[in-house]
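S.K.: Below is a structure I'd like to ask you about.
The values are calculated or read from the model by the stated rules, or taken from the named source; none is laboratory data. All values derive from a computational prediction rather than experimental measurement. Reconstructed Cβ throughout: ideal geometry from the backbone, glycine too, with neighbour counts over all protein chains shown.
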Amino acid sequence: MLTLIHFDFCPFCQRVRLALGYKGIVFNEQPARFYGPEHFQSISGFDRLPVVEYPDGSRQGESLEIIAELDRRFPETPPLCRGAISDKEWEGVQAWRARISDMLFRLIAPTLPQYASLGQDPRAMTYYRNRMESWLGDTLEGLQERRKEWYAAMEADLQDVAARVAVHGFYTPMFSVADTLITGDLTGLRLLEDIQLPPELTTYFARVEAAAQTTLLPTRG
């Protein structure tokens, strides 16, 4: 059986969880702690997650490469890459994702500690805080205070995707790798305080999770 080594709060890991769920691939979960590259190496052989271990014992990292490999290894399951989305459409998704990258991580970095596996683990939070604040150039609290500024900077791009999924249901008329990327990467926005996402996106996230039989938001209580 396939094993997924992952963090429940990680957007890149969430992409793979959605892909596995949509394809109906039964897998073992190996939740990891966010303790740094040495720890990640010790449990997976890679310095970042997600990592998939296939039934033959081989392992693979990088979320989008994993999803493409799932298409190759499980051809009896619904495709997510070729056959589900055109090259031109996929290039458009990647260009959109590149445009929002800086603002997106500034927005979601303060929200991810709402996942207990991160926020309630002091060692994980110490590493996470140091890494995020060094990378993004501000404290988590400072980023949180400026959330409306970051959101305004990417709102037009969110509206573009919202309009598209309102027409097609998914990014294209069928579920594809684009939906795993968009939903996984934007899920942290659903945890923002006093910012309301376009209703079309909220409906879309629910549709994607239902299709993948997967819930990405943190468990409350």
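S.K.: Residues GLN14, GLN41, GLN60, GLN30: which one is more than 18 Å from the chain's Cα centre (by Cα), of a type outside the set (Gly, Ala, Ser) and outside the structural domain of ASP179 (by TED's automatic domain parsing)?
M.R.: Details: GLN14 fails: more than 18 Å from the chain's Cα centre (by Cα); GLN60 fails: more than 18 Å from the chain's Cα centre (by Cα); GLN30 fails: more than 18 Å from the chain's Cα centre (by Cα).
Exactly one of GLN14, GLN41, GLN60, GLN30 is more than 18 Å from the chain's Cα centre (by Cα), of a type outside the set (Gly, Ala, Ser) and outside the structural domain of ASP179 (by TED's automatic domain parsing), namely GLN41.
S.K.: So, in the stretch 207-221, how many residues would count as being surrounded by fewer than 17 Cβ atoms within 10 Å (Cβ to Cβ) and over 14 Å from GLY21 (Cβ atoms)?
M.R.: 4
S.K.: Which one of these does ARG97 not meet: (1) farther than 25 Å from THR139 by Cβ; (2) among the basic types (Lys, Arg); (3) not assigned by TED's automatic domain parsing to the domain that holds ALA153?
M.R.: Condition not satisfied by ARG97: (3).
Residue-by-condition table, conditions (1) over 15 Å from ASP179 (Cβ atoms); (2) without any contact (Cβ under 8 Å) to a residue 60 or more places away in the chain:
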residue	(1), (2)
PHE7	yes, no
GLN14	no, no
ARG17	no, no
GLN30	yes, yes
TYR35	yes, no
LEU49	yes, yes
ILE67	no, no
ALA84	no, no
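S.K.: Now for a separate question. For the stretch 169-206, name all the residues that are more than 18 Å from GLU91 (Cα to Cα) and either surrounded by fewer than 16 Cβ atoms within 10 Å (Cβ to Cβ) or hydroxyl-bearing (Ser, Thr, Tyr) (or both).
M.R.: THR187, GLU193, ASP194, ILE195, GLN196, PRO199, THR202, THR203, TYR204, ALA206
S.K.: Let me ask something else about it. Could you list, ordered by first residue, the pairs with Cβ atoms under 6 Å in which the first is in the stretch 96-118 and under 19 Å from LYS148 (Cβ atoms) and the second is outside any helix (DSSP H, G or I), at least 6 apart or interchain?
M.R.: Listed by first residue and then by second, the contacts come to LEU112/PHE9; GLN114/PRO218.
S.K.: Give GLU53, GLU29 a once-over and let me know the one that is exposed (fewer than 13 other Cβ atoms within 10 Å of the Cβ) and in contact with a strand residue (DSSP E or B) (Cβ under 8 Å, 6 or more places away or on another chain). Spell out the reasoning first.
M.R.: Working: GLU53 fails: exposed (fewer than 13 other Cβ atoms within 10 Å of the Cβ).
When all the criteria are applied, what remains is GLU29.
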